[in-house]
Every structure is written in structure tokens, then in C-alpha cells.
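What follows is a short report on a single structure.
The values are calculated or read from the model by the stated rules, or taken from the named source; none is laboratory data. Values in this document were obtained by computation on a predicted structure and should not be read as measured data. As a convention, Cβ positions derive from the backbone with ideal geometry for all residues, glycine included, and neighbour counts pool all protein chains shown.
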Amino acid sequence: MRLAFGVWLILGTVVFAEPAAAWRDHRLTVSGVTSAANVRVVVGSGTAEAVAQRPAVTGEWSSADKDAYAFEPKYPLLPGAKYRVFFSEKLFADVTVPATRVKTPPVLKHVFPSGDTIPENTLRLYLVFSKPMSRGEAYARVKILDETGKAVKHPFLELDDELWEAGQTRLTLYLDPGRIKKEVGPRLQFGPVFEAGKKYTLVVDGKWPDANGITSGNELRKAFTAAESNAKAPTPGEWKITAPATPADPVTVTFPRTMDEALLRSFLSVRTDDDKPVAGTITLEKGETVWKFTPAKPWTPGGYALRLDSRLEDVSGNAIDQPFEVEETTDRKKKPVTVKLIPFQVGGR
């Protein structure tokens, strides 16, 4: 009888063991579950109510051991941060990622567009930090003030999964497109975010912690003036292309308007006359109206070309020969991505 009771106790422990979560082998793991399909990981800071309503961290589960699974996040989990693992609505476990604290405070290195004047229909802002930042706080830490010092209401398109690059040092903020396009609900309700001729200030909270919980302590402010809208699509026919005068000079493209900084770095490049990529460094100047490409090695005299991807946009979201704000028609179709080569010459031939 005693043996039977011992067997029952052991089996009962296995069958009724509660799921558990832990940080093991540099990753978040759960055990005591037959499947991780319904397990949800959320940022664990804040009130219990706020944590319960928070969207799940994006990622996938993989088998780690018998009845154990490892979480592979889309973006790295933050050192020192607490995460709550929900096995059900009421059953959860908290896990804290070990902190490797670097006490150097984060610095906001760049804000794009970088110019003092931007069009009133600007679509994106980019914030570039010196260190990986904490996630889930962007819309509470960044605001736009009008000329009176009053915060503009709901300026951003607030996404559950903030648009960070993999290293969490570069954040993309979309201005609400519904307040850019005319005659749509958000614009009719709140008006445009920016109005031409008026001054605004972008404010980044100095209490925004980095991935290790360190804050800069200094609020950053960037003042700018809104200009008239860019309604037309950019076209290469309006650009001034200056070929290198010497083998060490850059090839330069000057635009009549502010272009999208991130897309300029991705969708404009240099090729040889036999369509091979040329290695080099891109430099942007004068508020993203000047693009310069300096080759890693001096130019060899001959023919080259700028490779232009049609997905390149100006700061207002107008793509090459495709305005952002167009009339919607029943037969309108999304334009296919195209590539155009714009030739230029280095030296004589």
C-alpha cells in the first residue's frame, strides 16, 4: 500500500506540475507544457492590468527538450527587463533577463529629416540612438509641440510592434497618414499634424531608458518650421547629377526637395557599366537634399550608372513617379517595382 501511494504521488506530481518559465542558456524557456502554441510573452513592467492588456512580444517557439520550449524573439529581449509569460489568462510566471549594465547614458545622435524646414505632409521621422533602447515606450516618450507649447494630439500612427531596427538603436515613427490625406476621418476630426508656416518642436523625454535601464537625463528638443506640401512625385529629370571631377571625388546628386533618409541609403546606388555594384560610402547633406557617393577605391575612368529603385521616396511618401496622395479608382493597380540606370562618366574615354 505504501509503494502504491508513492507511485501515485510521483505520477501526480508529473501530471499536475504547473508550467514554469526561466532564463536558461541565454534564452527564455518554458517547461511543464505539452505545447507552447498558446503561451504569450509580454513586457512585465507596470500594473497587473496594464501587463495583462499588453500585446505579445513578437517571436516563435521551438522545442528545447521534453515538454520544454525556447522563445526566439523577433528582436532581442532587453537585459535587465522583466517579462511576464502567460500560460493562460490567470496562470503566469515572471522572468527577468540578466542585466549586463553599461552605465554610459544613451545619446540621441540623429533626427531625420535633419533640416530646419520640413513639408507639412512629412510622413516619417527617424530617431537614431547611440545605444539599444527599451521597447514599448516610444509613443509615451516622444511628442510634438505647436507654437504655443501645446502637445499635438495623436500625431503618430501608434503600432503595437514599434518599428525598431534589429539593434534597437533606430526607430521609425510614422505620422498618422489619416491626417495627411485630405477628406479622411482623422484629418477631419483632428486636423493636420503640421500646417505650413507654423513652427513646431519635437521633444524626446530624457527619462526614456535604454535597454539596460539607463536614461540620458536630458530632454532633447528639435525645432522646425512646416513648409508647403510636396504633392508631386519626384522624378529623376529634376535632379542635378554631378560626375566626379577626379578619381577621388564623389558622384553627387542634388534634389529639389527633402528625400527620405533611410530609403536614399537603400534604393540609390552605383554600378559599373557592366552592372556590377561599386563599393563605397554614402553621405547625405543639406537636409537630405544632397546625396554623395565616394568609392572605396578611386574611380577608374569609364562609364558608370546610378541604380535607382522606384521604391525611393521623398520625405512625404511620394515614390518615383507615384504620388502618395492619389485619386482612388476601381481600376487602380499597385505599380510594380522597377529599376532605372542613370549613366554618368568618370574621366575621358
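Tell me which residues, restricted to the stretch 72-102, are in a strand (DSSP E or B) and closer than 16 Å to Gly59 by Cβ. Can you show your working first?
The first filter runs over the stretch 72-102 and keeps only residues in a strand (DSSP E or B), leaving 72-73, 82-86, 92-96.
Listed by number, the residues that qualify are Glu72, Pro73, Tyr83, Arg84, Val85, Phe86, Val95.
Annotation note: of Thr201, Thr148, the sole residue that is among the β-branched types (Val, Ile, Thr) and surrounded by 13 or more Cβ atoms within 10 Å (Cβ to Cβ) is Thr201.
Picking from residues in the stretch 122-145 that are within 20 Å of Pro209 (Cβ to Cβ) and of a type in the set (A, V, I, L, M), the one that is surrounded by the fewest Cβ atoms within 10 Å (Cβ to Cβ) is Ala140.
Scanning the stretch 125-182 for residues that are in contact with a helix residue (DSSP H, G or I) (Cβ under 8 Å, 6 or more places away or on another chain) and without any contact (Cβ under 8 Å) to a residue 40 or more places away in the chain returns Lys153, His154, Pro155, Phe156, Leu157, Glu158, Glu162, Asp176, Gly178, Arg179.
The condition (being under 22 Å from Leu171 (Cβ atoms) and modelled with pLDDT under 95) is satisfied by just one residue among Val42, Val33: Val42.
Residues are listed down the side, and each one gets a yes or a no for (1) without any contact (Cβ under 8 Å) to a residue 40 or more places away in the chain; (2) hydrophobic (A, V, I, L, M, F, W, C); (3) farther than 21 Å from Asp25 by Cβ:
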| residue | (1), (2), (3) |
| --- | --- |
| Arg84 | no, no, no |
| Ala93 | no, yes, no |
| Val97 | no, yes, no |
| Lys103 | no, no, yes |
| Pro106 | no, no, yes |
| His110 | yes, no, yes |
| Gly115 | no, no, yes |
| Pro119 | no, no, yes |
| Thr122 | no, no, yes |
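Those residues that are without any contact (Cβ under 8 Å) to a residue 24 or more places away in the chain and closer than 28 Å to Leu125 by Cβ, I need them from the stretch 234-279; list them, please. The answer is Glu238, Trp239, Lys240, Arg265. Answer with yes or no whether Asp275 is farther than 29 Å from Leu163 by Cβ and either out of contact with any Pro (no Cβ under 9 Å at 6 or more places or on another chain) or surrounded by fewer than 17 Cβ atoms within 10 Å (Cβ to Cβ) (or both). When the stated conditions are applied, Asp275 passes them.
Name the residues in the stretch 206-264 that are among the aromatic types (Phe, Trp, Tyr) and within 18 Å of Ser310 (Cα to Cα), would you? Even if it seems obvious, please write down each step before you answer.
Of all residues in the stretch 206-264, those among the aromatic types (Phe, Trp, Tyr) come to 208, 224, 239, 255.
Once the filter is applied, which keeps residues that are among the aromatic types (Phe, Trp, Tyr) and within 18 Å of Ser310 (Cα to Cα), the stretch 206-264 yields Trp239, Phe255.
Being of a type outside the set (Gly, Ala, Ser), surrounded by fewer than 17 Cβ atoms within 10 Å (Cβ to Cβ), farther than 27 Å from Glu228 by Cβ and not assigned by TED's automatic domain parsing to the domain that holds Thr283 narrows it down to one residue among Asp116, Asp160; which is it?
Numbers: Asp116 fails: farther than 27 Å from Glu228 by Cβ.
It is Asp160.
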